[in-house]
Amino acid sequence: REAGDAAGAAAAAAAALDRAGDAPDLAGQARFLLAALGAAPAPDRAPAAYVRDLFDQFAPRFEAELTGRLDYRTPALLAGLLAETGVVPRRALRVLDLGCGTGLSGAALAGFARRLEGLDLSPRMLAEARKRGLYDALHEADLLDWLPGRPGGFELIAAADVLNYLGDLSPALAAVAGALAPRGFAAFSVEAGAGAPFALGEAMRYRHDPVHVAALAGAAGLDVLARADAVLRTEKGAPVDGALFVLQARV
């Protein structure tokens, strides 16, 4: 796939699926690659094992790649949009950094936090984040499993380039709404698509229609305070277009 041989990648994924036997993680990843190549229906989310393995492998070079080669800007853009609302207090909130990775997003969010926690699937990314000394607590878990056990636990939940690995955002937005304190804030990015609510691309990330995302947020009890179009980073020399959202819980 990385070499541009989509047909060869699909054949290899099909062969892996045929040999997966009783290895569900391997089968799930093979099906996901086939879906990204248009050879199978897109699932509602990327397999957790795929995301964990991807970022475990990426952890040692994550920051150098993103900030140096890919001009990654999402955390700073989200923090800027939060500040522009004029209603998100500084240094006062219990903040959760969803998909915190190595802590790039935590560094951008720290100005809003009196307590900062991070959540990620990848233990190696969390090990890098721990070195920053930014977080009061770090948790290794899937957000859809972890958030429902923290009702009203946070006043700001942020997710920079995390929802790209989820197709159907309804469960995630409902979980975020449930974990927010009354009138709490959520901030996140999506890679922008149009037409279909979501689509899985060959890069193995989902794109979302921002209009549909806003409707899902409203259904989850989250009102849009601010929305902005943005270039999230570059990929293979081309800009990756996205949308940024700041939401507020109604109750």
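The calculated 222 nm mean residue ellipticity attributable to helices in the chain amounts to -10500 deg cm²/dmol, summing -39500 (n - 2.57) over DSSP H runs of n ≥ 4 and dividing by all residues. Taking every DSSP beta bridge that has both ends in segment 62-249, the antiparallel portion is near 50%.
Counting Lys and Arg as +1 and Asp and Glu as -1 over every other residue whose Cβ lies under 15 Å from the Cβ of Gly221, the net charge comes to +1.
Kindly state, to the nearest 0.05, the FRET efficiency for Arg130 paired with Ala203, given R0 = 35 Å and r defined as their beta-carbon distance. Result of the calculation: an efficiency of 0.75.
Of the beta bridges DSSP finds with both residues in segment 147-233, what % are antiparallel, to the nearest 5? Restricted to segment 147-233, the bridges split so that about 35 percent are antiparallel. Between helix 210-219 and the chain there is an angle of about 60 degrees, using the helix long axis and the longest principal axis of the Cα atoms. Site pair Arg91 and Ala238 shows an inter-label distance of 4.5 nm when each label is modelled 7 Å from Cα along Cα→Cβ. Contact order, relative form, for the chain: 17 percent (alpha carbon pairs under 8 Å, 6 or more residues apart, mean separation divided by residue count).
Rounded, prolate or oblate: which fits segment 1-141 when a ≥ b ≥ c are the square roots of the eigenvalues of the alpha-carbon gyration tensor, with rounded for a/c under 1.5 and prolate only if a/b beats b/c? Cα axes put segment 1-141 in the prolate bin.
Helix 170-179 and the longest principal axis of the Cα set of the chain meet at an angle near 30°. In terms of its alpha-carbon gyration tensor, segment 1-41 comes out prolate; a/c meets the 1.5 threshold, and the first ratio a/b outweighs b/c. For segment 179-238, a crude dipole built from +1 on the beta carbon of Lys and Arg and -1 on the beta carbon of Asp and Glu, taken about the Cα centre, is about 120 debye to the nearest 20.
Looking at segment 69-172, the trypsin sites (Lys or Arg not before Pro) that sit in a DSSP loop and have at most 12 other Cβ atoms within 10 Å of their own Cβ are Arg90, Arg91. Of the solvent-accessible surface of segment 1-41, computed with a 1.4 Å probe and all protein chains present, 55% belongs to carbon and sulfur. For the residues Ala203, Ala181, Ala172, a GNM of the chain with alpha-carbon springs under 10 Å puts the largest fluctuation on Ala203. Within segment 124-140, list the residues whose amide N lies under 11 Å from a label point set 7 Å along Cα→Cβ of Arg115. Backbone N within reach: 136-137. Using only Cα atoms and rounding to the nearest 10 degrees, what angle (0 to 90) does helix 6-19 make with the longest principal axis of the chain? That works out to roughly 90 degrees.
Among the listed options (1) 66, 65, 30; (2) 53, 40, 37; (3) 64, 38, 37, the one matching Cα extents along the principal axes in Å as calculated from these coordinates is (2).
Comparing Ala159, Ala194, Ala141 in a Gaussian network model of the chain, where Cα atoms under 10 Å apart are tied by springs, the biggest mean-square fluctuation is seen for Ala194. The GNM of the chain, with springs linking C-alpha atoms under 10 angstrom apart, assigns the highest mean-square fluctuation among Ala129, Ala174, Ala215 to Ala215.
The charge dipole of segment 90-166, taken about the Cα centre with unit charges on the Cβ atoms of Lys, Arg (+1) and Asp, Glu (-1), comes to about 440 debye, rounded to the nearest 20.
The mean sequence separation of alpha-carbon pairs under 8 Å and at least six residues apart, normalised by the residue count of segment 1-41, gives a relative contact order of 36 percent.
The values are calculated or read from the model by the stated rules, or taken from the named source; none is laboratory data. Just so you know, these numbers come straight off a predicted model, no measurement behind them. As a convention, Cβ positions derive from the backbone with ideal geometry for all residues, glycine included, and neighbour counts pool all protein chains shown. Accessible surface is based on the protein model in full, side chains and every heavy atom, while ligands, DNA and RNA are left aside. Shrake-Rupley method; radii C 1.70, N 1.55, O 1.52, S 1.80 Å.
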